[in-house]
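Here is the structure we will look at.
The values are calculated or read from the model by the stated rules, or taken from the named source; none is laboratory data. Treat the numbers as computed from the prediction; the structure is a model and nothing was measured. Backbone-built Cβ (ideal geometry, glycine too); neighbour counts: all protein chains shown.
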Amino acid sequence: MRDIILASASPRRQQLLTQMGLHFNLKPSDIEEVIDNTLEPCQVAMSLASQKCNDVVSQIEEDCIVIGADTIVVKDNKMLGKPRDEREAFNMLTSLRGEWHQVVTGLCLYRTSDKKSICDYEITKVKISDKSDEFINEYISTKEPFDKAGAYGIQGYGSLLVERIDGCYFNVMGLPIYKLSCMLEELGYKISLEKAEA
């Protein structure tokens, strides 16, 4: 069985890979992301995932599968990144309030043995509830929004903002695990739970 390398420092992605029963090593990519605004959001997410994946591949020699991932939040075809400050977080969350938006995760996997790569994406629709300004400011004061695209995390206090979703929950966390499992199988990696930690 090949080693798996995750090209991300995200604690949430690490948690989800562990949940899948995978044993993996971390080698986060620290490249400066290049966004082509002429692309559709799903293409942007795959491009960013590919950039991270290829950056790590260029630094290793072992026989492994490298996983690159990038998650973006899209509202009215506009991409929302991580807020830089409280004001930007407030503006993002109030723009999402009472409305549906999309969470798009791009995935890129690279098998070093034969230089085969595959990329795909997952889209989940999310509706943010009509919470008050006071509640949104209280949420921002927890500091949770600042390392998350769209300024909220569904797995944390941000769950109180999410009214409903349509699609993969884990995608909103940053890693669509069913989609990833299918891509790993396509590269010949069989997921086994025999040695998974309970």
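Return yes when Y139 is in a helix (DSSP H, G or I) and touching a Pro at 6+ places or on another chain (Cβ under 8 Å) and no when it is not.
yes
Are any of the residues in the stretch 38-61 within 13 Å of the chain's Cα centre (by Cα) and surrounded by fewer than 18 Cβ atoms within 10 Å (Cβ to Cβ)?
No.
Go through the stretch 152-165 and give me each residue that's over 10 Å from I128 (Cβ atoms) and in contact with a Leu (Cβ under 9 Å, 6 or more places away or on another chain).
Of everything in the stretch 152-165, just one residue is over 10 Å from I128 (Cβ atoms) and in contact with a Leu (Cβ under 9 Å, 6 or more places away or on another chain), namely I154.
Which one of the conditions (1) modelled with pLDDT of 95 or more; (2) outside any helix (DSSP H, G or I); (3) surrounded by fewer than 20 Cβ atoms within 10 Å (Cβ to Cβ); (4) of a type outside the set (G, A, S) does N91 fail to meet, given that it meets all the rest?
Unmet condition: (2).
Could you tell me which of the residues G150, G81 is in contact (Cβ under 8 Å) with a residue 12 or more places away in the chain, more than 22 Å from G188 (Cα to Cα) and surrounded by fewer than 23 Cβ atoms within 10 Å (Cβ to Cβ)?
G81
Conditions (1) within 22 Å of D3 (Cα to Cα); (2) basic (K, R); (3) assigned to a loop (DSSP other than H, G, I, E, B), marked per residue:
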{"residue": "V34", "(1), (2), (3)": "no, no, yes"}
{"residue": "E62", "(1), (2), (3)": "yes, no, yes"}
{"residue": "I67", "(1), (2), (3)": "yes, no, no"}
{"residue": "D70", "(1), (2), (3)": "yes, no, no"}
{"residue": "P83", "(1), (2), (3)": "no, no, yes"}
